[in-house]
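Asks: Right, I'll just put the structure down here and ask away after.
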Amino acid sequence: MPSTHSAVITYFATYISLACAYLPIHPSFPASPLLSRVLPPLLVVPLASTIAASRIWLGHHTWPQVAAGVTYGLLFAPVWFKLWTGGLNEYGPMMEDMLPM
């Protein structure tokens, strides 16, 4: 069974890296590209790697299970990023309007 910890943390690290690379910087964030575009991936990628490796060190998963989880994270993050930035986020308000209140 793939490691869900590895899948989720890899998904978030990949998504954060993609967001820093391709999304505009929000005005409330520092205008410095170093702080807004470079630093977040430099922080999350090593942390994600450590968490994924810890699944093996702690004896909860094997290398193939962690590799499968990392692969899931690496595959699904770009897909969801593309869907979200490609217009899927515009359907959110429409879906909320369909919910009974």
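The values are calculated or read from the model by the stated rules, or taken from the named source; none is laboratory data. What you see is a predicted model; the values in this text were computed from it and never measured. Positions of Cβ are generated from backbone atoms using ideal geometry, with glycine treated the same way; all protein chains shown enter the neighbour counts. Just so you know, the surface numbers come from the protein's heavy atoms only, side chains and all, with ligands and any DNA or RNA stripped out. Shrake-Rupley method; radii C 1.70, N 1.55, O 1.52, S 1.80 Å.
Asks: When a/c reaches 1.5 or more, the comparison of a/b and b/c decides; with that in mind, is the chain rounded, prolate or oblate per its Cα gyration tensor? Could you put the intermediate results ahead of the total?
Replies: On the way: a/c = 2.66, a/b = 1.32, b/c = 2.01.
Verdict is oblate for the chain.
Asks: Let me ask you something else. Heavy-atom accessible area per residue, the chain, 1.4 Å probe: how many Å²?
Replies: Computed with neighbouring chains in place, this is 72 Å² per residue.
Asks: Where does helix 39-57 land angle-wise versus the long Cα axis of the chain, in degrees 0 to 90, nearest 10?
Replies: Between the helix axis and the principal axis of the chain, the angle is about 40 degrees.
Asks: Sticking with the crude label model, points 7 Å out along Cα→Cβ, report the distance from Ala31 to Leu74 in nm, one decimal please.
Replies: Between Ala31 and Leu74, the simple spin-label model gives 3.8 nm.
Asks: Whenever you get a sec, compute what percent of the accessible area on the chain sits on carbon and sulfur atoms (1.4 Å probe). Walk me through the numbers before you get to the answer.
Replies: On the way: 5460 of 7290 Å².
Reported share for carbon and sulfur atoms: 75 percent.
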